[in-house]
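Enquirer: Take this structure first; my questions come after.
The values are calculated or read from the model by the stated rules, or taken from the named source; none is laboratory data. From a predicted model like this one, the values you see are computed outputs, not experimental measurements. Heads up, the Cβs are rebuilt from the backbone with ideal geometry, glycines too, and the neighbour counts pull from every protein chain shown.
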Amino acid sequence: MAEYNADIVGHEGTTDVITLSWFDDPEGLFPGDPELILIVNPDAAAREGAGREDSSYAFETALYIVHGMLHAAGEDDLEEETRISMRAAEKRVMDQLKCEFDLAALFPEKRTS
């Protein structure tokens with residue numbers, strides 16, 4: 001993930017999700033190409049989910065998808081003011097998703113043998 005983050009985004013180190021969005025420039029796509037690609041880091045989801053009492057692998061995975069989609073919708077978390085807005089949007093969406101879906105069934109933890 002660190003390599004993708006450096007090559008695609010130009011940032012150093014690993015990250016939880018990378019968003020590639022062509023919503024603002026659909027003319028640059030070939031027919032059938034996706035307008036949105038999310039690269040989600042399952043290792044970060046496992047680490048963060050295990051590291052906090054109020055989280056899980058499933059919650060983190062869903063959160064990373066929501067976070068990436070919010071970026072595609074124009075949200076930004078680089079500045080304090082926009083980060084507060086983005087975190088509020090994440091909470092609203094995650095609260096709704098938790099009511100509607102069993103996140104653990106959607107994103108079961110990897111089993112190791």
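Enquirer: Being closer than 19 Å to residue 5 by Cβ and touching a Phe, Trp or Tyr at 6+ places or on another chain (Cβ under 8 Å), is that true of even one residue in the stretch 45-60? Break it down into steps so the answer makes sense when it comes.
Expert: Going residue by residue through the stretch 45-60, those that are closer than 19 Å to residue 5 by Cβ are 45-48, 60.
Imposing the further condition that a residue be touching a Phe, Trp or Tyr at 6+ places or on another chain (Cβ under 8 Å) reduces the set to 45-46.
Among the residues of the stretch 45-60, at least one is closer than 19 Å to residue 5 by Cβ and touching a Phe, Trp or Tyr at 6+ places or on another chain (Cβ under 8 Å), which makes the answer yes.
Enquirer: Follow-up. Looking only at the stretch 28-49, filter to residues that are of a type outside the set (Gly, Ala, Ser) and in a helix (DSSP H, G or I); which one of those is farthest from residue 68 (Cα to Cα)?
Expert: Residue satisfying both the conditions and the ranking: 47.
Enquirer: For residue 24, indicate whether it is loosely packed, with under 11 Cβ neighbours inside 10 Å and closer than 20 Å to residue 106 by Cβ.
Expert: Details: loosely packed, with under 11 Cβ neighbours inside 10 Å: yes; closer than 20 Å to residue 106 by Cβ: no.
The answer is no for residue 24.
Enquirer: Additional query: How about the stretch 74-103: which of its residues are surrounded by fewer than 13 Cβ atoms within 10 Å (Cβ to Cβ) and either part of a loop (DSSP other than H, G, I, E, B) or in contact with a helix residue (DSSP H, G or I) (Cβ under 7 Å, 6 or more places away or on another chain) (or both)?
Expert: Residues satisfying the conditions are 74, 76, 78, 79, 102.
Enquirer: Modelled with pLDDT under 85, of a type outside the set (Ser, Thr, Tyr), at negative phi and not in a loop (DSSP other than H, G, I, E, B) - does that describe any residue in the stretch 9-27?
Expert: Yes, because at least one residue in the stretch 9-27 is modelled with pLDDT under 85, of a type outside the set (Ser, Thr, Tyr), at negative phi and not in a loop (DSSP other than H, G, I, E, B).
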